[in-house]
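The structure appears right after this line, and notes come after that.
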Amino acid sequence: MSVLIKNGRIVTATDDYHADIFIQDSTVSLIGRDLVIDASHTIDAAGKLVIPGGIDPHTHLELPFGGTTTSDTFETGTRAAAYGGTTCVIDFAVQTRGTSTLEALDTWHAKAAGTTAIDYSFHMIITDMPEHRMPEMRRLADEGVTSYKLFMAYPGAMLSDDGTIFRTMRKAGEDGTLVCMHAENGIVIDELIKIALSEGHIEPKQHALTRPTRLEAEGTHRALAIAEVARAPVYIVHLSAYDSLKELRDAQARGVMAHAETCPQYLLLDIDAYDEPGFDGAKYVLTPPLREKWNQDELWTGLRAGNLNVISTDHCPFCLKEQKEIGKDDFSKIPNGGPGIENRMSLIYHYGVNKRRIGLNRFVELTSTSPAKIFGLFPRKGTIAVGSDADIVIFDPEHEETISYYNSKTHHMNVDYNAFEGMKVKGFTETVLSRGKIVVDKGEYLGRPGDGMFIKRGPYGGAYQPVAEQYRLETPGFRPAAE
Ligand code: DUC
Ligand code: ZN
Ligand code: ZN
């Protein structure tokens, strides 16, 4: 099978030029001007952008959470991702406390295998990591799972204590793998929730009011400090507010290998969404919650300045009916999470590039190249280059759409609302190639469940040496300026 993409404007994180791309089987085999080659399929991409497929390194498909399960399966969620121009997701397997992480990996493999529209990989959510289980981390890495997520929130369920976090980070630093942190002080948050409920406050907005930015900033500070002392890199997930961005900047300035992602919901939605009538505010009960609007400009600045490295979705969909409704009389029981896997590329192109907040190369970097590099997928994925997987999106910069649950062009996620309802975007995915196969073309899905395959990832940052040596600080901490 071969595909020739003619006349497109190829944009990567670093390049921007007009050329043709010849794809043989699953990889890019030739890039050049005016290629004359017999291919089984030719696509005319004149007037279109030809970009690396999006990589969404933070999704939760078929995740049991909050007494229910996210409404998108690996099949429906990855198909929606493909429609939106994402060709690879990194989802989260979850260790059941007290059991092996390798068992959890088997469970997640069984859910995803043979069902996905696009390629996928896994992080491992670690809920406990006693000494005797530490060797599993290396085994996971050998299986291509080279990153873990730990929680500072949800005491009694997901929360890891600081000792576990330190031990895990230290081992990750030695192995060349990466710890992702959910950074929020969950113990204090639980106290705030108790107070709110005891005073009779049950409505969805309380979710935001009981999770102040200062408690995200405290978690972020602690995660960064522990990583610094553990001499390990760290990746802060779903950073939502200026308070925590400041902590990140300080740590980066003193040399901590700190990375962070934010998500479209924090860039484009704000706390006023919880005031939607009735129970509709529950649509935005995701964690961390939506913040005051002024934070958005700060996050865009962080993306431009390079402090924030990735835009993921944290796609974690629950239907309003029957799932979010579990918390109708108690906001703390509303399952935490929201949808977004399908809309990320258009939203960030429109509100980022069209609105001149970020450039085109940075758009590609934030949505594809940088997650590929950080999470050990590069250069196989995250760019368009000879030898790379032909995960390619032909993106029409002139195509306008309104994002809406009711618009069959923009909503294929298995959830009964869209968090970005009514937003108008200019810039839309037209054709999607996943390892050389055309899976979406002009709104039509041409793929099949099982087109996607599990991708074993390499070490953090593509490093082949333990990173601790590269970033070793002898005595992490404050040093007075030399006399
Ligand atoms: N954290 C996530 O990353 N996703 C869903 C809920 C949460 O707390
Ligand atoms: Zn989280
Ligand atoms: Zn998440």
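Worth a mention:
- Placing unit charges on each Cβ (+1 for Lys and Arg, -1 for Asp and Glu) gives the chain a dipole about its Cα centre, and among T301, I326, H201 the Cα reaching farthest toward its positive end belongs to T301.
- Here the relative contact order of the chain, from alpha carbon pairs under 8 Å that lie six or more residues apart, stands at 22 percent.
- Label-point separation, K6 to A113 (7 Å along Cα→Cβ), nm: 4.3 nm
- D25/T301 FRET efficiency (R0 51 Å; Cβ-Cβ; nearest 0.05): 0.75
- Other residues lying with their Cβ under 11 Å from the Cβ of I23 contribute a combined charge of -2, Lys and Arg counting +1, Asp and Glu -1.
- Shown is the FRET efficiency for V229 and K456, computed with R0 = 45 Å from the Cβ-Cβ distance and rounded to the nearest 0.05: 0.90.
- Environment charge of T42, counting only residues whose C-beta is closer than 12 Å and scoring Lys/Arg +1, Asp/Glu -1: -2
- Proximal aspartates and glutamates to K194, defined as alpha-carbon separation beneath 15 angstrom and excluding residues fewer than eight positions away on the same chain: E203, D329, D330
- When nucleic acids and ligands are ignored and a 1.4 Å probe is applied, L366 ends up with an accessible area of around 0 Å².
- Once Rg and the Kirkwood radius are both taken over the C-alpha atoms of the range 175-316, their ratio Rg/Rh works out to 0.99.
- Dipole in debye (nearest 20) - the range 315-381, about Cα centre, beta carbon charges: Lys, Arg +1; Asp, Glu -1: 460 debye
- Fully extending the segment from V36 to K355 would add 111.1 nm, taking 0.36 nm per residue of separation and subtracting the current Cα-Cα distance.
- Radius, Kirkwood style, for the chain when every pair of distinct Cα atoms is counted (Å): 22.5 Å
- Using a simple spin-label model with pseudo-atoms 7 Å out from Cα toward Cβ, R97 and K293 lie 4.1 nm apart.
- Probing with 1.4 Å while keeping every protein chain in the model, the per residue accessible area of the range 45-165 equals 28 Å².
- Each Lys and Arg adds +1 at its Cβ and each Asp and Glu adds -1 at its Cβ; summed about the Cα centre, the range 21-96 shows a dipole of about 180 debye.
- Solvent-accessible area per residue in the range 188-261 equals 37 Å², computed with a 1.4 angstrom probe and all protein chains kept.
- A straight Cα-to-Cα reach below 27 Å connects K381 with the lysines K6, K48, K111, K149, K171, K373, K409, K426, K437, K442, K456, residues fewer than 8 places away in its own chain not being considered.
- The sum of -39500 (n - 2.57) across all DSSP H runs of n ≥ 4, divided by the residue count of the chain, sets its helix-only mean residue ellipticity at 222 nm to -7500 deg cm²/dmol.
- For the range 395-454: rounded, prolate or oblate by the Cα gyration tensor [a/c cutoff 1.5]: oblate
- Taking amide H atoms as placed 1.01 Å from N in the peptide plane, the amide H of D20 lies under 5 Å from those of N7, G32, R33, D34, L35, each 5 or more residues away in sequence or on another chain.
- Of the residues R344, R222, R357, R448, the one with the largest accessible area comes first in the ranking R448, R357, R222, R344, computed with a 1.4 Å probe on protein heavy atoms.
- For the range 255-306, averaging the sequence separation of C-alpha pairs within contact (under 8 Å, six or more residues apart) and dividing by the residue count gives a relative contact order of 39 percent.
- Percentage relative contact order, the range 131-221, counting C-alpha pairs under 8 Å, at least six apart: 29 percent
- Rolling a 1.4 Å probe over the protein chains gives H58 an accessible area of about 0 Å².
- Share of carbon and sulfur in the accessible heavy-atom surface of the chain [1.4 Å probe, %]: 51 percent
- Förster radius 25 Å - calculated FRET efficiency between T14 and R249, Cβ distance, rounded to 0.05: 0.55
- Measuring with a 1.4 angstrom probe and ignoring ligands and nucleic acids, D119 comes out at about 0 Å² accessible.
- Bins of 5 Å from zero: percent of alpha-carbon pairs in the range 1-131: 2, 10, 15, 16, 14, 11, 10, 9, 7, 5, 2, 1
- The ellipsoid that matches the Cα gyration tensor of the range 61-100 has semi-axes, each √(5λ) in whole angstrom, of 24, 13, 6, with the longest given first.
- The range 101-156: projected area of the alpha-carbon convex hull, averaged over directions, in nm²: 4.8 nm²
- Look at the Cα gyration tensor of the range 230-286: its axes a ≥ b ≥ c give a/c of at least 1.5 with a/b over b/c, and that counts as prolate.
- Dipole axis of the range 307-371 (+1 Lys, Arg; -1 Asp, Glu on Cβ), positive-most option in I341, T369, T313: T369
- The overall shape of the range 189-258, judged from the alpha-carbon gyration tensor, is prolate: a/c is not under 1.5, and a/b is greater than b/c.
- Inter-label distance, E199 to R139: 4.9 nm, where each label sits 7 Å from its Cα along the C-beta direction.
- Nearest-20 debye value, the range 2-149 charge dipole, Cβ charges on Lys, Arg, Asp, Glu: 220 debye
- Placing a label point 7 Å from the Cα of D44 along the Cα-to-Cβ direction, the residues of the range 4-25 whose backbone N falls under 13 Å from that point are 6-8.
The values are calculated or read from the model by the stated rules, or taken from the named source; none is laboratory data. Here the structure is a predicted model, which is why all the values come from computation and not from measurement. Ideal geometry is used to build each Cβ from the backbone, glycine not excepted, and the neighbour counts take in all protein chains shown. Side chains included, ligands, DNA and RNA excluded: accessible areas come from the protein's heavy atoms. Shrake-Rupley method; radii C 1.70, N 1.55, O 1.52, S 1.80 Å.
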